[in-house]
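Q: Got a structure here, written out as structure tokens. Questions coming.
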Amino acid sequence: MAEDIRFLLNLQMIADELSGDLDNLQFFAGEDRQCLEGICFYLPGMELSSRNAYIGSPGDLAGIPVPEIHCSLIVPGSLPEGWSDKGHSILRVPGDINLLELMNRCQRAFARHMAWEESLQSIVMRDGSVDELCRASYEYFQNPLFVHDSQLHAIACPVWRVVMMACEKDQLTGLWITPLEELNEFKTDKEYLSTLTTKKAQIFSAELRGYRDIYVNIWDDNGKYEGRLVICEIEHPLKKGQFAAAEYLAGLIRLILSRRGHLEKTYKRTLYQLLDGLIRGKEFSDSEIERRIAQCGWKMDDPYICIRMDAEEWEGSPGSSASVCSHVEARVAGSRACYDDNKICIFINLAQNTHYTSDIAAILRDGLFKAGFSNVFRDFTRLRDYYLQASRALEYCRKRNDTRWYYTFDDIAMEYLADRCCGEFEPEELCASELKSLREYDEENRTELYKTLCTYLLNERNTVATSAQLYVGRSTLFYRLRKIKEITGLDAQSMSEPVRNLYLRLSIFIMERETKS
């Protein structure tokens, strides 16, 4: 662990420290590797190492072969001959400087950097917070700094100044989030958009906010942008050596976030708390819902679909709800997935993904999932209603236990209605008495009047289609219909009445369903 979080200097950092006290410095960067652990005088015959910066006279250095390994030199007076064109890093200081005083200044520079490193390592080793890392770094950089996620919402901001990016406190989560207006301003800025792919410390210009900053992007293990560290040039000028220090700090921030499982965006946590609250029946204002879903490019009246499935079915990682959600979001564009225990809920914005079915089908097939789909809806405030639709569809998908991977609510709506209808009455008490009379008559007389009536009604009272389906002639069919009227009183006119027709058809559905079960 200690080796992973060491902080080594480069000569640029020493040059930055000395430039505040000395004039007429010249720095030849060369490769300027970040590998320095200390400072020492060069003495003739000494073997040079990349780990140290050497204070040496031009004469002593010019008298030895230029080494192949990278060296960092601090030279009073002129440059040593042959060294400057070999990629070595050389800081030229005035020739009349007192070498002991120069050594003291260099050692103080090392001590300042090392003290910062020790404070950061202490925070990391005791599993401290990102806010603690930033607070410990304020004096070191001599400027305010903060960390935000990919949606510009603050993860840590221990020191805030009026000119910095505006934030407001989210009442649901207590997190500091960026107002939507400022968020949109950044997301349309060409310079900001161009910074989202950089891997090293960079400068962001003063054009958008009136001051420059050093930024370092933070990436997850899959190379996905998760946010950035920002050091604002508000109180003191930025220095070139701070680039390497910023990258070191960003690495520790990423370590703490990933170690705690917090590398996910904070905006996702606020969005998921909204989704979780909505499906549990919690009330939110329309403006609050609109602001939160706008963070992922969603609109209130976009078309959506809700899908329910359970993580416990995933053979590759039983019960790993978080893994399932991450897998879904990575594979299905326009989706967000959240969970409660093993209950997975997926929301897909169909305006962003019109071909989601193939991706979802592959996930269901690969994971051996069963799933329930809601109907498409366009009012995000009614999310709970469609979550319940998806949940009911999943219940019936499990109950049927067939080869289908999923059912939509439309597929099971009639079964659901039938079950609700039969909640207070037994099916035989609920269904039309005419159908029961015909079935009893058939049992006693070995006729098929019940089947005939069912076929006739389900064929929309079309005699040609009914005859063909029953394999009987038209005269036989008309005889049976007359017999049905004689027993039940049902004739063509009464069966065509809309409400009566609906009741008869629903009764057929319930009775046939009971027969199959």
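The values are calculated or read from the model by the stated rules, or taken from the named source; none is laboratory data. Predicted model, so just to flag it, every value in this text is computed and none were measured. Cβ placement follows ideal geometry from the backbone for every residue including glycine, while neighbour counts extend to all protein chains displayed. Side chains are part of the model used for accessible areas, which takes the heavy atoms of the whole protein and leaves out ligands, DNA and RNA. Shrake-Rupley method; radii C 1.70, N 1.55, O 1.52, S 1.80 Å.
Q: Excluding residues fewer than 8 places away in the same chain, name every one of the lysines whose C-alpha is closer than 29 Å to that of K483.
A: K436, K451, K516
Q: On full extension of the chain, what length is gained from K86 through A166, given 0.36 nm per residue of separation minus the C-alpha to C-alpha distance? Could you put the intermediate results ahead of the total?
A: Numbers: separation 80, 0.36 × 80 = 28.80 nm, distance 4.76 nm.
Contour length minus the Cα-Cα distance gives 24.0 nm.
Q: Just to compare against my own numbers: the Cα pair-distance distribution for segment 325-476, 10 Å bins, whole % per bin, please.
A: Histogramming segment 325-476 at 10 Å steps yields 9, 26, 24, 18, 16, 6, 0 percent.
Q: Reachable aspartates and glutamates from K485, Cα under 16 Å, same-chain residues fewer than 8 places away excluded?
A: K485 reaches E434, E440, D442, E448, E497.
Q: Expressed in nm to one decimal, what extension gain is obtained for the pair K483 and C421 from 0.36 nm per residue of sequence separation less their Cα-Cα distance?
A: Details: separation 62, 0.36 × 62 = 22.32 nm, distance 3.01 nm.
Gain in length upon complete extension: 19.3 nm.
Q: Could you state the angle between the C-alpha long axis of helix 449-458 and the longest principal axis of the C-alpha atoms of the chain, as a value from 0 to 90 degrees rounded to the nearest 10?
A: The helix 449-458 is inclined about 50 degrees to the chain.
Q: Just to confirm a number: summing +1 for Lys and Arg and -1 for Asp and Glu over residues other than G87 whose beta-carbon lies under 13 angstrom from that of G87, what do you get? Show your work: numbers first, answer last.
A: On the way: positive: R33, K86; negative: E31, D32, E68, D85.
Neighbourhood net charge equals -2.
Q: Between N353 and I64, what FRET efficiency follows from the Cβ-Cβ distance if R0 is 56 Å, with the result rounded to 0.05?
A: Values: r = 66 Å, r/R0 = 1.18.
For R0 = 56 Å, the calculated efficiency reads 0.25.
Q: Still on this structure, I have one more. Mind checking Rg over Rh on segment 60-203, alpha carbons, Kirkwood formula for Rh?
A: Values: Rg = 22.4 Å, Rh = 19.8 Å.
Expressed as Rg/Rh, it is 1.13.
Q: I've got another one for you. Of P427, C325, V124, which is farthest towards the positive pole of the chain's charge dipole, taken about the Cα centre with +1 and -1 on the beta-carbons of Lys, Arg and Asp, Glu respectively?
A: Result: P427, furthest along the dipole toward the positive end.
Q: Sticking with this one: I'd like the accessible area for F284: 1.4 Å probe, protein heavy atoms, all chains in place, Å² to the nearest 10.
A: Rounded to the nearest 10, the figure is 30 Å².
Q: For the chain, with every protein chain kept in place, what is the accessible area per residue (1.4 Å probe, Å²)?
A: Values: 25810 Å² over 517 residues.
Averaged over the residues of the chain, the accessible area is 50 Å².
Q: Rounded to the nearest 20 Debye, what is the dipole magnitude of the chain about its Cα centre when Lys and Arg each give +1 and Asp and Glu each give -1 at the C-beta?
A: On the way: 62 positive and 79 negative charges, 300 e Å.
Computed about the Cα centre, the dipole is about 1440 debye.
Q: Determine the shape class of segment 362-435: with a ≥ b ≥ c the square roots of the Cα gyration tensor eigenvalues, call it rounded for a/c under 1.5, and otherwise prolate if a/b is greater than b/c, oblate otherwise. Could the numbers behind the result be given before it?
A: Values: a/c = 3.10, a/b = 1.54, b/c = 2.01.
Oblate is the answer for segment 362-435, as a/c is 1.5 or above yet b/c matches or exceeds a/b.
Q: How much of Y441 can a 1.4 Å solvent probe reach, expressed as accessible area in Å² and rounded to 10?
A: Probe radius 1.4 Å; accessible area of Y441 about 60 Å².
Q: To continue, here is another question. Between Y225 and S496, what is the label-to-label distance in nm when each label sits 7 Å out along the Cα-to-Cβ direction?
A: Modelled inter-label distance: 6.6 nm.
Q: Here's another thing I want to ask about it. Provide the per-residue ³J(HN,Hα) series for segment 82-87, in order, calculated from phi with Karplus coefficients 6.51, -1.76, 1.60 and θ = phi - 60°, each as a whole number of Hz, with x at glycine and proline positions.
A: Per residue, the Karplus-derived 3J(HN,Hα) values read x, 8, 6, 9, 10, x Hz.
Q: Ok, one more. Give the accessible area for T270 in Å² (nearest 10); use a 1.4 Å probe, count only protein heavy atoms, and leave out ligands, DNA and RNA.
A: Counting only protein heavy atoms, the figure is 0 Å².
Q: Assuming a ≥ b ≥ c are the square roots of the Cα gyration tensor eigenvalues, decide whether the chain counts as rounded (a/c under 1.5), prolate (otherwise, with a/b larger than b/c) or oblate. The partial results should precede the final answer.
A: Working: a/c = 4.44, a/b = 3.62, b/c = 1.23.
Taking the square roots of the gyration eigenvalues as a ≥ b ≥ c, the chain is prolate.
Q: I'd like the carbon and sulfur percentage of the solvent accessible area for segment 375-517, probe radius 1.4 Å, heavy atoms only, ligands and nucleic acids excluded.
A: Values: 4200 of 8750 Å².
With neighbouring chains kept in place, the figure for segment 375-517 is 48 percent.
Q: Roughly what would the spin-label model give for R126 and N342, points 7 Å off Cα along C-beta, in nm?
A: Label-label distance for R126 and N342, simple model: 4.1 nm.
Q: For D402 and D379 in one chain, what is 0.36 nm times their gap in residues minus the Cα-Cα distance, to one decimal in nm?
A: Stretched fully, the D402-D379 segment lengthens by 5.0 nm.
Q: Which shape class, rounded, prolate or oblate, goes with segment 448-517 when its Cα gyration tensor gives a ≥ b ≥ c as root eigenvalues, a/c under 1.5 marks rounded, and past that a/b bigger than b/c marks prolate?
A: Oblate is the answer for segment 448-517, as a/c is 1.5 or above yet b/c matches or exceeds a/b.
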